[in-house]
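**Student:** Below: one structure in structure tokens.
Just so it is clear, none of the values below were taken in a lab; they were calculated from the coordinates. Quick caveat, the model's predicted, so the values are computed rather than measured. Because the Cβ atoms are built from the backbone with ideal geometry, glycine has one as well, and the counts that use them run over all protein chains shown.
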Amino acid sequence: MATIETTQETVRIRLTRAEKFFGLLRDLEVPRAAITSVEAVPAGLAAVRGLRAPGLGLPGVRAVGTWRRRGEKTYVSVRRHQPAVRLRLTGQRFDTALIGTDDAARVAADLRPGG
């Protein structure tokens, strides 16, 4: 399961070895200044939008990888029955990050710009 680590200047998303392998991703580190909005999503798997390219998508079970749609590239690691945090980013490799976490509301409150 992905973990979100924060400092005053950065947010780092750490993936497990399996998530990196199946999602064809690396850990993601972004400056807090690049976060334009943060949202707690009650059902992370239902919030995934676009086409998987590349990554792992098990319908109704797991999504890890890069999802793309017109004008947007999303870093995804979510699983069934788990809330998630959606980070909108600017000036980064990904436009959005959607990360599953059991305490999404608290994590989102901690990550809000200016928070």
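**Student:** Starting from the Cα of R112, step 7 Å toward the Cβ, then list every residue of region 68-101 with an amide N under 18 Å from that point.
**Tutor:** Within reach of a label on R112, which here means backbone N under 18 Å from a point 7 Å along Cα→Cβ, region 68-101 contributes 84-89.
**Student:** Pairs of Cα atoms under 8 Å, at least six residues apart: use those to get the relative contact order of region 3-111, whole percent.
**Tutor:** Working: 249 pairs, mean separation 26.0, N = 109.
This gives 24 percent for region 3-111.
**Student:** Regarding the chain, what are the three Cα extents along the principal axes, ordered largest first, in Å?
**Tutor:** 36, 27, 27
**Student:** Restricting attention to the alpha-carbon atoms of region 42-109, what are Rg (one decimal) and Dmax (integer), both in Å?
**Tutor:** That works out to 11.3, 32 Å for Rg and Dmax.
**Student:** Still on this model: Charges only on Cβ, +1 for Lys and Arg, -1 for Asp and Glu: so what's the dipole of the chain about the Cα centre, in debye to the nearest 20?
**Tutor:** On the way: 20 positive and 11 negative charges, 99 e Å.
The calculation lands at about 480 debye.
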